Amino acid sequence: MSRLPGGPRVVLTVTTNPVTGTGTSDSERKQRWAELFDQLDLNKDGRIDVRELRTGLAERGLTRSSVDQIVRAGDTNQDGVLDFEEFCQYLRTHERRLKLMFSTLDRNNDGEIDGAEIQQSLHSIGVDISLKEADRILRSMDKDGSMTIDWHEWRDHFQFNPLHNMEDVARYWKHSIILDTGEQLRVPEDLSEQSKSSVWRQLISGALAGAVSRTGTAPLDRLKVFLQVHGSFPGTRNVLGSFQAMVKEGGLGSLWRGNGVNILKMAPETAIKFTVYEQIKCVLRGNDETGHLNLHERFLAGSLAGAVAQTAIYPLEVLKTRLTLRKTGQFSGMADCAKQMLQRESVKVFYKGYVPNLLGIVPYAGIDLAVYETLKNSWISRNTESANPGVMVLVGCGAVSSTCGQLASYPLSLVRTRMQAQASVKGAPQLSMTDLFQNILTQEGVPGLYRGLSPNLLKVIPAVSISYVVYEYMRKVMGVGVPR
């Protein structure tokens, strides 16, 4: 039973052609759409607004941005809501696109899609998946247990998902995202399964997202460095006092000291890490070019790639720490800071703290990846009807795994920062990694190894959120996923 907006309830009887996917008449299709409209029109006023659409489509796992896209695309009179005719026009256009995509996948034109056809179609646009993964995708849409997808199942599954082409479908099925929390940049396991032009555009989008994210959380990062080195901002006793003292000492802009070089090092670090990661994966795969790496192999590849990238850009890490801790007027800029460090302390200063930094990559990368994979696979095993965990699930997994990784590697990060901050002053002790550990434990106890952890954890959620929002925007601007 359903009703046309403003009219009596009608019995829904739709006859569709299984191959063309269209009803025997437009009026019968409108009856089917009327039932959908009735379900989404929560206040029964004959119009659907964004709030009603978000509520009605929540169980389908659609993001807020996807719902907003639907309203923008269907709202022809720009009044912010969809009336029944706008709703029908949107579905008519969207189902036409879905039919074209269905026909692309249905390679033998039998009106059904099987796992092999999914695998072949994704391979044709540069996304290689195993037959097992293709079957899991298929099962998420297969409602009758036939291990094939007919037009009705395809249409119903993507009815309200604003996809425009097969690249969008591939992103939905093999969702990979770069989330930068300002610590270690994870190399997504799915990146190498995309076309190379798409990969680099995605990496650029991720780097830009990380730059905005780091800029947004830079005050917390500067506070963390001060707490790691001094215990607090000189002359203060709490977080708020530290922020006030920083502003008083150098103005509001002082909260972003060191952020410029922090952003500058992102592009080469990302490029080196991904390039090395790909080469190591090729070595581990051997002759099996389509093989997928298991967890410990990805951990090994990610750790080695991170080590190589960190070795290449480490001087910028030291420079960032010195610029973060500088007093007003101490340096005129990055170049002046580097020049003074070189003159006073020799070239070795640019690799202070390198050993604890390198050691910290292993627990961070290993725990981060292991927790991320465990949480994501746990969700997938409990939600077998869905092939894509969805944005919020992935963001949640990323935030939790990053936090766990930081907790494990934080003492090494603290010691690294203190070594970077040690200036070569005549007569001043230059402590080694082990000496610093002993010093901290003796004078401050175990809690001393976690100084600055609070602002570091506080920035995880905003960093992930900002990174994701900017990443999604840049992905659309740069056309990520569209082969060129």
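Inside region 61-116, residues that are without any contact (Cβ under 8 Å) to a residue 40 or more places away in the chain, part of a strand (DSSP E or B) and under 17 Å from V50 (Cα atoms) make up a count of 1. In region 141-156, is there at least one residue being in contact with a Ser or Thr (Cβ under 8 Å, 6 or more places away or on another chain), modelled with pLDDT of 85 or more and not assigned by TED's automatic domain parsing to the domain that holds A365? Scanning region 141-156, I find at least one residue that is in contact with a Ser or Thr (Cβ under 8 Å, 6 or more places away or on another chain), modelled with pLDDT of 85 or more and not assigned by TED's automatic domain parsing to the domain that holds A365, so the answer is yes. Taking the criterion of being of a type in the set (D, E) and under 10 Å from I113 (Cβ atoms), the residues of region 135-162 that qualify are D142, D150, E153. Just one of the listed residues (L91, L100, L138) is at pLDDT 80 or above and over 28 Å from V393 (Cα atoms), namely L100. The number of residues in region 117-128 that are surrounded by 15 or more Cβ atoms within 10 Å (Cβ to Cβ) and under 16 Å from D168 (Cβ atoms) comes to 6. Can you tell me how many residues within region 321-340 are without any contact (Cβ under 8 Å) to a residue 24 or more places away in the chain and aliphatic (A, V, I, L, M)? Residues in region 321-340 being without any contact (Cβ under 8 Å) to a residue 24 or more places away in the chain and aliphatic (A, V, I, L, M): 2 in total.
Residues checked against (1) without any contact (Cβ under 8 Å) to a residue 12 or more places away in the chain; (2) out of contact with any Lys or Arg (no Cβ under 7 Å at 6 or more places or on another chain); (3) among the acidic types (D, E):
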residue	(1), (2), (3)
A218	no, yes, no
G231	no, no, no
V239	no, yes, no
V247	yes, yes, no
G258	no, no, no
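Kindly indicate whether S198 is modelled with pLDDT of 85 or more and part of a helix (DSSP H, G or I). Spelling it out, it is not the case that S198 is modelled with pLDDT of 85 or more and part of a helix (DSSP H, G or I). Scanning region 42-56 for residues that are of a type in the set (D, E, K, R), more than 33 Å from the chain's Cα centre (by Cα) and either surrounded by fewer than 18 Cβ atoms within 10 Å (Cβ to Cβ) or not in a strand (DSSP E or B) (or both) yields K44, D45.
Name the residue that is surrounded by the most Cβ atoms within 10 Å (Cβ to Cβ), counting only residues in region 57-77 that are among the polar types (S, T, N, Q) and at pLDDT below 85. Applying the filter and picking the extreme gives S66.
Quick one: which helices (runs of 4 or more DSSP H) sit completely within region 250-363 and have at least 3 residues that are buried (at least 19 other Cβ atoms within 10 Å of the Cβ) and among the aliphatic types (A, V, I, L, M)?
So the answer is 266-285, 295-325.
Picking from residues in region 424-446 that are surrounded by 15 or more Cβ atoms within 10 Å (Cβ to Cβ) and touching a residue at least 12 places away in the same chain (Cβ under 8 Å), the one that is nearest to L342 (Cα to Cα) is L431.
If you go through region 219-238 one residue at a time, do you hit one that is touching a helix residue (DSSP H, G or I) at 6+ places or on another chain (Cβ under 6 Å), at pLDDT below 80 and surrounded by 20 or more Cβ atoms within 10 Å (Cβ to Cβ)? Scanning region 219-238 turns up at least one residue that is touching a helix residue (DSSP H, G or I) at 6+ places or on another chain (Cβ under 6 Å), at pLDDT below 80 and surrounded by 20 or more Cβ atoms within 10 Å (Cβ to Cβ).
The values are calculated or read from the model by the stated rules, or taken from the named source; none is laboratory data. Owing to the predicted nature of the structure, the values given are computational and were not obtained by experimental measurement. Note: ideal-geometry Cβ built from the backbone for every residue, glycine included; neighbour counts use all protein chains shown.
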